[in-house]
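J.: Input: one structure, supplied below.
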Amino acid sequence: MRAAAAAALALPLTVGVAQSASAAGASGTATGSADAPRPSPAAAATPAASASASALRAMTFNLRFASDARPNSWAERRPVMRTLLRRERPHLLGTQEGVYGQIRDIAQDLGPHYDWIGTGREGGSRGEFMAVFYDTQRLAPLEYDHFWLSGTPYVIGSNTWGNAVVRMATWVRFRDLRSGGQFYALNTHFDHRNQVARERSATLIAERLRGLDPVVPKIVTGDFNVPAHQNPVYDTLLGQGGLIDTWDHAERRGKQYATFHGYRPLVPDGDRIDWIFTSPGIHTSYASINTFALDGQFPSDHLPVQAQLEL
């Protein structure tokens, strides 16, 4: 089954006609939601505009799966998502919850010099993806694989720890075309109900990270469904995984908000459940939680978390 998982498709970018910023609703008011605080300058800062030439712009973003149910349907959210991603221009984007059609939409909206790697958590195009998007002008993939957060990690769609739904991870080894260096990116989404399953998932991720080339730095993105600093999941990933939290170690950072808002008013200084971790040797010059919205419409029920990284 290892071979079957390793052969899961690295599905290609579907290139479409890039839609203009005006079509994306850029003429609307860019702010927080009407009943949420307006983003502070730090929170609303655009890393793409302020990053140094060498910085790698990383983002983790739970997309909220595409649905036709209103309000907050994918048709309503997609233009806001498009505007945000074109504004931020991440070099590395780890996503959670995206379904196949939605992933293709984002690939089209990001533009022709982006590509992605992923597979559905139930195999092929079925289920949600832990898709890793990347800027092909900055990064080149060298190898990749997927594994499932279970006692049989190379059995596609396996679920042995009591997860409410199937959970998985995707990792990619990249070459940085600017510096010539390499790094691993691992992207995942932990269960939203079962703490035991989350703890076992953290242990498995830490084991897999230790099994990768130890001289190559690592970046981990994901929605971990527990607050930072308040759960064994966090402690395991940092301790056993040999990682640091970019938010805590950033030279500068924006205002903190709860990263899950559920389309309700934003919560300043709330729980961070979406994280970007790195190897200790990677310097984070700036970390932020992006509160971007258009005319009160958020792109997702989570806020994207971003970091400017110096490898």
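J.: Counting only protein heavy atoms, what percent of the accessible surface of the range 94-134 is carbon or sulfur at a 1.4 Å probe? Write out the running numbers ahead of the final one.
T.: Numbers: 430 of 1060 Å².
In the range 94-134, the share of accessible area belonging to carbon and sulfur is 41 percent.
J.: Between the alpha-carbon centers of the range 54-73 and the range 130-173, tell me the distance in whole angstrom.
T.: 18
J.: State in Å² the accessible area per residue of the range 230-311; use a 1.4 Å probe, count heavy atoms of protein chains only, and round to the nearest integer. Mind showing how you got there, number by number?
T.: Values: 2830 Å² over 82 residues.
Result: 35 Å² of accessible area for each residue.
J.: Now for a different question. If packing is taken as the mean number of other Cβ atoms within 10 Å per residue, what is the order of 289-298, 251-260, 69-78, 85-94, highest first?
T.: Working: 289-298: 21.0, 251-260: 19.4, 69-78: 13.8, 85-94: 23.1.
Answer by packing, highest mean first, reads 85-94, 289-298, 251-260, 69-78.
J.: Taking a probe of 1.4 Å, how large is the accessible area per residue of the range 112-180, in Å²? Please report the intermediate quantities before stating the final value.
T.: Details: 2410 Å² over 69 residues.
Result: 35 Å² of accessible area for each residue.
J.: Take the solvent-accessible surface of the protein heavy atoms, probe 1.4 Å, and return the percent of it on the range 169-211 that carbon and sulfur atoms account for. Don't skip to the answer; put the middle values down first.
T.: Values: 740 of 1760 Å².
Here it works out to 42 percent.
J.: Could you give the semi-axes, largest first, of the ellipsoid that matches the range 48-104, computed as the square roots of 5 times the alpha carbon gyration tensor eigenvalues and rounded to whole Å?
T.: Working: eigenvalues 129, 30, 11 Å².
Each semi-axis is √(5λ); the values are 25, 12, 8 Å.
J.: Which shape class, rounded, prolate or oblate, goes with the range 196-283 when its Cα gyration tensor gives a ≥ b ≥ c as root eigenvalues, a/c under 1.5 marks rounded, and past that a/b bigger than b/c marks prolate? List each step's numbers first, then the result.
T.: Numbers: a/c = 2.59, a/b = 1.45, b/c = 1.79.
Here the range 196-283 falls in the oblate category.
J.: While we're on this one: Roughly how many Å is it from the Cα centre of the range 227-279 to that of the range 184-216, as a whole number?
T.: Value for the Cα centre distance between the two parts: 16 Å.
The values are calculated or read from the model by the stated rules, or taken from the named source; none is laboratory data. Here the structure is a predicted model, which means the values were calculated and not measured. Glycine also receives a Cβ, built like all others from the backbone with ideal geometry; neighbour counts cover every protein chain displayed. The protein model used for the area step is the full one, side chains on, heavy atoms only, and it has no ligands, DNA or RNA in it. Shrake-Rupley method; radii C 1.70, N 1.55, O 1.52, S 1.80 Å.
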